[in-house]
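What follows is a single structure, written as structure tokens, with notes after it.
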Amino acid sequence: MVVWTRAVVRTWRCRPTNFSRAFSEKLPTPEAKGRNVQWVFLGCPGVGKGTYAARLSKLLGVPHIATGDLVRQQLSSHGPLASKLVDIVSQGQLISDEIVIDLLSKRLEAGEAKGETGFILDGFPRTIRQAEILEGVTGIDLVINLKLREDALIAKCLGRRTCSECGGNYNVACIDMQGDDGETRMYMPPLLPPPHCETKLTTRSDDTENVVKERLRIYHEMSKPVEDFYRKRGKFLEFDLPGGIPESWPKLLQALNIYDDEDKKSAAA
């Protein structure tokens, strides 16, 4: 059983040591509005926002929508938009905000027609213009911005591997670092492939330290205005990941004031 007791209206920065100060005011719960949560997950490339968004999606019973997936679905559909997208992608151009919003709007409409309520958006919006357009399409209750110290983030990106045969994603980095406070320890174990994939692992050509650092610099430069946009509206949660999923997941649930009865049972087993 999942109990979502209340949402958050004030901006805060959640660290894993003291969550009790995180909540200061209440926002009417989605249940009171006759729908489920409408949240956005933001974060640097490689931080794991897709992983946590997918987990929350399953837990809360709302769709996990990544705009990158919507574009890839269109590319493989051979529909009228596919050829236009192929030209844009092949020329290395950015897909326009109008196209992305149109795909998202159609996805939300299709979900509503199927009886879906609520959603968790993954990695969108990325610019102020996208955020402003999105506001005209649908309401956003909360934006969750996942943070991870840069040295750990770089190590994660450099450890990414993909199986050339099955397409499985893995990470060979074992991150074991002293915490920022000099006392706690950050440990993120590797996600190793099964034996039959070990000899087929490939690395992204742009996963080099210099490229990753530049990618992060550009992301921070572009994302700050979006963060400020939602912070001013009192819909912004910044959550510092204290470690891997086993350590971070329960603390993220605590920060969001979500109680997962099944998770408690499995932890006690």
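Below are the figures for this structure:
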| read-out | value |
| --- | --- |
| First in region 68-91 and free of Cβ contacts under 8 Å to residues at least 40 places away in the same chain, second anywhere and part of a helix (DSSP H, G or I) and charged (D, E, K, R), Cβ under 8 Å, 6 or more apart | L70/R107 |
| Matching residues, region 229-248, being modelled with pLDDT under 95 and among the hydrophobic types (A, V, I, L, M, F, W, C) | L241, I245 |
| Which listed residue, of L108, L104, L121, is surrounded by 17 or more Cβ atoms within 10 Å (Cβ to Cβ), under 20 Å from the mean Cα position of the chain (by Cα) and over 21 Å from L146 (Cβ atoms) | L108 |
| Segments classed as helices (runs of 4 or more DSSP H), wholly inside region 63-134, with at least 2 members that are among the acidic types (D, E) and either under 21 Å from G43 (Cβ atoms) or at pLDDT 90 or above (or both) | 97-113 |
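The values are calculated or read from the model by the stated rules, or taken from the named source; none is laboratory data. Keep in mind the model is a prediction, meaning the values are calculated, not measured. Cβ coordinates were reconstructed from backbone atoms using ideal geometry, including for glycine residues, and neighbour counts include every protein chain displayed.
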